[in-house]
Amino acid sequence: MPRIVVGLRNDAGVVRELRPLETMKIPRMVRGKQDMWDPSACLNFGKAVLEWLQQQVRQLPAGASALLRYVPAEGALLLLRQHGEGEAPAAKRAAPSEWP
């Protein structure tokens, strides 16, 4: 992927700016800078999220649907399982500290 669009958020989690970046330039942009992007941290985070999601989805009955939502104020993922019409969805939360 040659380019990505990065959403820069404020402390409340609201996106305040969109910035296109060339992916091959990111490592040079942050090299040697403290508290900046770390490719292994990003990959480990993605792996943990996908493992958690896979575990949750395997527990769903066949044909069930779900919606994954990020809750910025909590720094958590929310998986909403859709039930029959008129029923409230069941929710599973995962905060980063709960991920493998």
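The values are calculated or read from the model by the stated rules, or taken from the named source; none is laboratory data. Remember, predicted model here, so these are calculated numbers, not experimental data. Quick reminder, even Gly has a Cβ in these numbers, built from the backbone with ideal geometry, and neighbours come from all protein chains shown.
At a glance:
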item: Some residue of the stretch 29-51 being in a loop (DSSP other than H, G, I, E, B), surrounded by 10 or more Cβ atoms within 10 Å (Cβ to Cβ) and touching a residue at least 40 places away in the same chain (Cβ under 8 Å); result: no
item: Cβ-Cβ under 8 Å pairs, at least 6 apart or on other chains, the stretch 6-18 side more than 13 Å from PRO72 (Cα to Cα) and not assigned by TED's automatic domain parsing to the domain that holds ALA73, far side among the small types (Gly, Ala, Ser) and assigned to a strand (DSSP E or B); result: GLU17/GLY7; LEU18/GLY7
item: Sole residue being at pLDDT 80 or above, touching a Leu at 6+ places or on another chain (Cβ under 9 Å) and surrounded by fewer than 12 Cβ atoms within 10 Å (Cβ to Cβ), chosen from LEU77, LEU67; result: LEU67
